[in-house]
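Working notes, beginning with the structure itself.
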Amino acid sequence: MPGPGAARAARRLSACAGRDLVIRAHTQLGSPIVLVWDNLRMHLVAPLEGFFEANASWLMMFQLPTYDPDLNPQEDIWSLVKRDIGNLAAAELGQVTRAVKRNLKMLQYRPDVIGGCLAGTGLTLSA
């Protein structure tokens, strides 16, 4: 099993790949880049922070806030859908698509369930 040094090296490699992708995009587009990143650990490493600061003339970076499912009621809806299709043994993507659509359609007729997903947000469901 790889040790902590291997994990650190993998993050460094991933950070370099991300940096190189941003540089290639800037070179190819010839214009400033606006980058919106989530809180993936690779996005928060020190070498990338230095890269962002050094290239602030053409690179603007926004860090998304920490994930909070309470502010995203659709996460609860997807959780319900995934729970129902979690054991689906699909032979093709079409089967998965149909199962997801079927589950979403069933939820459409369950305003009580959708309301439950909204309860923690302070939002209400109105017709």
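The values are calculated or read from the model by the stated rules, or taken from the named source; none is laboratory data. Model, not experiment: these values are computed from the prediction. When we count neighbours, we look across all protein chains shown, and the Cβ atoms used for this are built from the backbone with ideal geometry, even at glycine. Accessible surface areas use protein heavy atoms only, side chains included; no ligands, DNA or RNA. Shrake-Rupley method; radii C 1.70, N 1.55, O 1.52, S 1.80 Å.
In the range 35-85, what residues are at pLDDT below 70, closer than 30 Å to D112 by Cβ and open to solvent by less than 70 Å² (accessible area, probe 1.4 Å)?
D68, P69
State all residues of the range 101-127 that are part of a loop (DSSP other than H, G, I, E, B) and more than 15 Å from N72 (Cβ to Cβ); if no residue qualifies, say none.
Selection gives Y109, R110, T124, L125, S126, A127.
I need the full set of residues from the range 95-127 which are of a type in the set (A, V, I, L, M), open to solvent by 80 Å² or more (accessible area, probe 1.4 Å) and without any contact (Cβ under 8 Å) to a residue 24 or more places away in the chain, in order please.
Hits for the range 95-127 are M106, L125, A127.
If R12 satisfies all but one of (1) open to solvent by less than 100 Å² (accessible area, probe 1.4 Å); (2) at pLDDT below 85, what's the number of the condition it fails?
With respect to (1) open to solvent by less than 100 Å² (accessible area, probe 1.4 Å); (2) at pLDDT below 85, R12 is out only on (1).
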